[in-house]
């Protein structure tokens, strides 16, 4: 019974994502560690918890039972399967498949990094590595601060912005200055704190709740991930309301609570506000693939879709977190530097191999290098990256590699 909801999710996503075949060239990569949030087309997110030994992945989706997958051999990257579901990926990009339907997703946030807190002007923001944030803001004339939570992402629209989307559709955007400062659109600055602040407090939370064998599970609408519910407080009242309202232990129902987060990252329930049998969370805004640490493969060059006799020689590009990029032109490989800031994106090519290739491949290489030199801005939409020149012309379109 657990398979139908995910199959419907994949079917709904089919129109929003075109999934490429995997590149058969072997390039072994380790599986992620810990819990990673993945963002998918249409705002359909899920989490995957990877075991310390890398042998198992557990898929978690708001309101659905957990799905355990075992690691299987993969020609490149990593792969997990239970003969019905398959999770296959490289780096930050994965493809999730069920019953022949697939969707390509990408890791949210910065998996493996510690939380980061920024403070300034009465505002405190903590960014968690799973792509969620919590916020505390002092308000004039009130002793009670404003508390908010939601999702954060680096969005590329010409230049790069750190964007927070929280309650009531609120959106805050910042420029990142180095690694220790955020500058808001109004010019106010936030400096990175020496130690992370978990931002303890009482939040008004709505989301999907169900009881499980080892305790309650709650998926707040604003963050797209599932938390355990800590015992105590008003948790028994919440559980009783759910038991009285549901005919099945696998059914999740919409609830509203006042609560917070404890040291184990579980949700605590101070007050149970209500339950709605027909309630549901609104869809979250879709987050684009991360520009950095993603392998981008060329699909369009100067308005044309080049044809390749061997599609494995299609040009590709990867940007790291240190201002360096590597690329294949389809013939030769190269490296260099890039600058990504609020003004846009600019590449400075470095050394390149000097192999001789077929005339068609050499022609594509020449056009690829000319386009790369002209890039001034970028735009990411889902798993598509557009690279644009100073005149506003799209010189390249690339797709994130998902498997």
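A few notes on this one:
- Rounded if a/c under 1.5, otherwise prolate or oblate - the chain, Cα gyration tensor axes: oblate
- Antiparallel DSSP beta bridges within the chain, as percent of all bridges there, nearest 5: 100
- Helix 359-374 axis, angle to the chain major axis (alpha carbon atoms, nearest 10°): 60
- Between 0 and 90 degrees, the angle of helix 235-245 with respect to the longest Cα principal axis of the chain falls at about 90 degrees.
- Rounded, prolate or oblate (a/c below 1.5 giving rounded, otherwise prolate when a/b exceeds b/c) for the stretch 300-340 by Cα gyration tensor: prolate
- Sorted by Cβ density within 10 Å, fewest first, the residues 179, 124, 251: 179, 251, 124
- A straight line joining the Cα centroids of the stretch 235-252 and the stretch 48-105 runs 29 Å.
- The stretch between residue 170 and residue 312, if pulled fully straight at 0.36 nm per residue, gains 46.8 nm over its current Cα-Cα span.
- Only helical runs count toward this figure. For the chain, summing -39,500 (n - 2.57) over DSSP H runs of n ≥ 4 and dividing by all residues gives -3000 deg cm²/dmol at 222 nm.
- In terms of surrounding Cβ atoms within a 10 Å radius of their Cβ, 362, 103, 355 rank from fewest to most as 355, 362, 103.
- Taking other C-beta atoms within 10 angstrom as a stand-in for reagent exposure, 296, 242 fall in the order 242, 296, fewest first.
- In this simple spin-label model, placing a label point 7 Å from the Cα along the Cα-to-Cβ direction at both residue 72 and residue 304 gives a separation of 4.0 nm.
- The stretch 203-276: C-alpha gyration tensor shape, a/c 1.5 cut-off, then a/b vs b/c: rounded
- Dimensionless Rg over Rh [the stretch 179-235; C-alpha; Kirkwood]: 1.15
All of the numbers you see were taken from the coordinates with simple rules; none came from a lab. Predicted model, so just to flag it, every value in this text is computed and none were measured. Using ideal geometry, Cβ is built from the backbone for each residue, glycine included, and neighbour counts are taken over all protein chains shown.
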